[in-house]
Every structure is written in structure tokens, then in C-alpha cells.
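The values are calculated or read from the model by the stated rules, or taken from the named source; none is laboratory data. Given the structure is predicted, the values throughout are model-derived calculations rather than measurements. FYI the Cβ positions are ideal-geometry reconstructions off the backbone, even for glycines, and counts take in every protein chain you see.
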């Protein structure tokens with residue numbers, strides 16, 4: 001299971017943070033409000049299982065420290081639109097849209113895009129803040145007969161997914177076209193038509209066969225958004241079992257896209273939507 005990657009990603013102060021889940025869930029989720037509990041919000045405490053964050057209580061707010069010494073508010077207390085969360089999120093915002101695994105369903109609620117909100121300083125601290133830094137930690141591995149480059153910290157998770165998919169193909173060889181001519185993994189770039197860094201920049205994402213996928217930006221007409229998908233359930237299940245979220249769970253769908261975000265699939269990291 002994807003919990004095995006915990007040790008590989010690293011953690012500061014983990015011994016103090018692996019709290020009883022029920023007690024941690026009772027902690028306040030908004031750092032702008034007065035703090036009445038010495039324990040960090042559940043999502044922040046849980047996040048330390050997956051990323052190098054150290055929760056800090058400063059006065060009436062919860063903050064967290066990254067390995068470079070920089071500290072940030074967990075919750076800046078500002079009400080934001082979806083577009084504002086995309087452009088200028090705090091860490092709490094990244095949990096504000098719950099990720100729902102399970103049977104594939106059309107996504108019809110506007111802006112229900114769990115995982116599209118990313119807090120870049122967290123990715124920089126974990127995987128690298130420049131193309132050169134990420135490239136230095138990238139490794140090659142064989143994914144179903146195709147050579148791919150990914151970040152060394154998530155390579156074990158990719159390898160476990162590949163093992164699951166090998167078993168799937170042994171039973172259902174007709175699914176192989178979805179898993180050939182892959183769209184790519186590590187590429188330092190911006191998300192199309194934005195100034196936000198793509199998750200592919202950190203070597204934690206993979207795009208499946210573009211010819212068998214759908215992407216809302218390529219739809220004609222693009223508006224109104226109408227969810228579409230061809231990716232089979234069994235492929236989605238294999239990735240989600242190892243901590244990868246799927247762009248097919250988004251209103252702004254990107255069905256070729258899988259991204260390593262184990263915190264969004266960890267029940268202990270769930271927080272109430274503000």
C-alpha cells in the first residue's frame with residue numbers, strides 16, 4: 001500500500017505527530033481562529049506522514065516549517081473563490097475539495113477538482129525547486145516495457161502500480177492500448193494556459209495514452225464543460241491503491257493524468273471544507 005512511501009519522503013518530528021486519529025480530528029482546522037488545543041489540525045498532523053513538514057503553534061495560529069527553515073500559515077483565514085485557491089492557496093486550501101475514490105462517476109459539480117489546488121513550497125521542499133534540482137533526483141525505470149523518468153522518492157510507488165497493472169493485463173490484455181504510447185512523466189513546465197507549475201515538473205505524475213484520453217481544454221466546444229472518459233475502472237483502481245489521484249475525478253477533467261498525492265487518499269488527512 002502507498003503508506004510504505006512514508007519513510008522515503010521523510011518527516012520532521014513524526015514521533016510527536018502520529019496522534020490518535022479521533023483526537024487529532026477534533027483540533028480546529030482554521031489557524032486564523034484562536035487555538036484551544038495543543039494538537040495540530042488533523043490534516044496538518046497527517047501531512048507529516050507524507051512530506052517534510054513540522055507543525056508549529058505560534059500564538060493563536062498553526063503554522064508549519066519546511067526543511068529550508070521557512071514557515072507558513074496552515075490556514076490564512078481568507079475566504080477564497082476556486083480561482084483564488086488555485087492562484088494563491090494556503091496548505092489548508094489543498095484539502096478543501098475532498099477526493100472521492102471508488103466507482104467512476106461523471107463529475108458535474110462546477111470546480112469539483114480535488115488535487116488541482118497545489119501548495120508549491122511543499123512540492124519544492126519535497127522534490128526540488130528547480131528543473132536542475134529535480135533532474136538530479138530523477139531516476140529511470142521500466143513501466144510495462146517503457147522507459148520513464150520519475151523522482152526517486154516516488155519511484156517505489158510507480159513500481160508498485162506497474163506490478164498491479166501487469167496483473168491486470170495478464171487477465172485483460174485488451175486494455176494494453178491504454179498503457180502504451182504514454183504521454184510522459186517528468187517535464188519541467190507550466191500547466192497549459194496558466195502560470196502555475198505542473199505536477200509533471202516534480203516527476204510525480206504520468207500521462208497515459210493521449211489518444212485514448214480526454215482533456216477539457218481540448219474539447220470542442222470547450223464551454224460548457226461536459227465530463228468525458230474512456231479510462232477503465234481497473235486502471236484507475238491500480239493507481240489509487242498506491243496513492244495516485246486521477247484527473248478523471250475532476251470537473252475540469254484530464255483523464256490521462258495520474259499524480260502522486262497520497263495525502264488526499266489518506267482518511268486521516270481529511271478535513272472539513274471551509
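Got a sec? Which of 217, 259, 263 is out of contact with any strand residue (DSSP E or B) (no Cβ under 6 Å at 6 or more places or on another chain) and touching a residue at least 60 places away in the same chain (Cβ under 8 Å)? Even if it seems obvious, please write down each step before you answer.
Working: 217 fails: touching a residue at least 60 places away in the same chain (Cβ under 8 Å); 259 fails: out of contact with any strand residue (DSSP E or B) (no Cβ under 6 Å at 6 or more places or on another chain).
Testing whether each residue is out of contact with any strand residue (DSSP E or B) (no Cβ under 6 Å at 6 or more places or on another chain) and touching a residue at least 60 places away in the same chain (Cβ under 8 Å) leaves just 263.
Out of all the residues in the stretch 110-118, is one or more modelled with pLDDT of 95 or more, surrounded by fewer than 20 Cβ atoms within 10 Å (Cβ to Cβ), more than 19 Å from the chain's Cα centre (by Cα) and under 27 Å from residue 43 (Cβ atoms)?
yes
Checking residue 178 against (1) at pLDDT 95 or above; (2) surrounded by fewer than 17 Cβ atoms within 10 Å (Cβ to Cβ); (3) over 26 Å from residue 127 (Cβ atoms), which single condition isn't satisfied?
The single condition residue 178 does not satisfy is (2).
Only one of these is within 16 Å of the chain's Cα centre (by Cα) and at pLDDT 95 or above: 90, 140. Name it.
Values: 140 fails: within 16 Å of the chain's Cα centre (by Cα).
Going through 90, 140 in turn, just one is within 16 Å of the chain's Cα centre (by Cα) and at pLDDT 95 or above: 90.
Would you check which residues across the stretch 73-97 are touching a residue at least 40 places away in the same chain (Cβ under 8 Å), over 16 Å from residue 42 (Cα atoms) and surrounded by 17 or more Cβ atoms within 10 Å (Cβ to Cβ) and list them?
Listed by number, the residues that qualify are 76, 86.
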